[in-house]
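Trainee: The structure follows.
Any read-out appearing in this document is the output of simple, stated calculations on the displayed coordinates, not a laboratory observation. Source: prediction; values computed, not measured. Note: ideal-geometry Cβ built from the backbone for every residue, glycine included; neighbour counts use all protein chains shown.
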């Protein structure tokens, strides 16, 4: 009954070995071992996602990476910045008649000769970067939970249900994944970690390495990307710019070479011993582990911008239907105060913050509502506009991911903001708008001074126009352009109406001299964040009677003003939907439609007075 327990935190490879050994006894041939993961995912998921146990796993960017033990279980929250080809590796081999596995490992200690019967398996490689624009209030709960290392006992009860092997097998497994001892120069084995002896090591490759992180940390912290190796088809629905939380084995070795060398016709590299034919285009060989740690994925899950409510229990319960009206009004008061007392601008900003692409019809992105607030004064001596800073600060407190981009000549001319393919390195070079869905973008146009836009600057403006109009970003693959769908709400701050960036709504700011102070508490912020998430998640429909009312109003409006075009009507319908969900109402009511018409009337009045 007793015996040692599997330490899923400190020695996850030991648990893998136990399950592998059990599968070997039941498998008719080594090829049968590739048909499942031997229960590895089920075991770890059972233990990790019970009572928020996953938050106890160290997160790579919460502290120094070198403080985390190699081959321990870690967590990484990041965005898929690039996707590489399938990587082939030796997944199983024989040593003295006993089968071993190198799954979830970078190196394979494979005996030479045919008696090893090496089995070639495959895994998928993803280059993941820390989530661009993620705000500190989302990061903090993940950081505070990783201050202490979990003990073995924290996994023991859940782990017992997942293991059926004998105590003797467990003891062997705990020892099986210990670092191999020096073999005294015996050439029996061709080990991947022998590559550290090459003269072209990490030091020569690391200085010129572009980590391809779209946005730097607002706190000035050094961000660590990861090369995530995914097994067993878990990547089936992953795509570029998806945000994921990965749990796996950290195989971080600062001495791993970024190059490979040949010995006896076999390549020794950070993948293990594999045929050189598979390595000609292997990008991982050019990513030194001292800069880009390897993360062997055991299980992963995709994260949306609203998932923080379920993944971070400290952020309080969901807003109840009884207090949503009060929450909405208090949020509007805060937005009004932040915009200099402009209540109309606050209403539009609220609808803007709730907007998202909920469907695409032909080239149109339904649900987007970009906003241009005019009348913003530029900052002094190249500093960002005070209004842009204030708006970005407010948004960063409410939205999980956001970014303020000054549209200065320096920023626009410096580098392409859209990703582009570099075929020499076989990598996707990132840009400042390679962002995950739900990331809010504030553009400070007041920073644009007189001067000359270069070729890159002109291209960057075209990219931003395309994003605003169609919610798509054109990725440059040198020989062709590929449109990638996006869902990035954009707020433009400018002195006059923007002449270079098309937005759905243009509203001149009208700050009021008299505005009372607003006292903001942590409880208020928590309620507003949950309110926004709940409103954005609302389903919405238009019943038949209300549809007839809307159609009649649109016809009447067209008869009164022939200049009204389809884009105006589309905006009204979008605002009507957003107004309804802002009250957490699943269907459009007549009073909400009247509110939208009144907002648009007041907005038009301001524009006429300019």
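Trainee: Going by average Cβ density within 10 Å per residue, which order do the peptides 455-461, 84-90 take, highest to lowest?
Mentor: So the order, starting with the most tightly packed, is 84-90, 455-461.
Trainee: Below 8 Å, C-alpha to C-alpha, sequence gap of six or more: please give me the relative contact order for region 316-535 in percent.
Mentor: Value for region 316-535: 31 percent.
Trainee: Then there's this: Within 10 Å of each residue's Cβ, count the other Cβ atoms and sort 610, 8, 331, 366 from fewest upward. If you can, show how the numbers build up before the last one.
Mentor: Working: 610 10, 8 29, 331 23, 366 15.
Lowest to highest Cβ neighbour count: 610, 366, 331, 8.
Trainee: While we're looking at this one, here's another question. Using Cα-Cα distances under 8 Å and only pairs 6 or more residues apart, what relative contact order does region 1-136 have, in percent?
Mentor: This gives 24 percent for region 1-136.
Trainee: What list do you get for 506, 246 if you sort them by fewest beta carbons within 10 Å?
Mentor: 506, 246
Trainee: If you average the sequence gap of Cα pairs under 8 Å that are 6 or more apart and divide by the length of region 469-610, what percent do you get for the contact order?
Mentor: 22
Trainee: Arrange the following residues from fewest to most other Cβ atoms within 10 Å of their Cβ: 222, 397.
Mentor: Numbers: 222 11, 397 18.
Starting with the residue having the fewest Cβ neighbours, the order is 222, 397.
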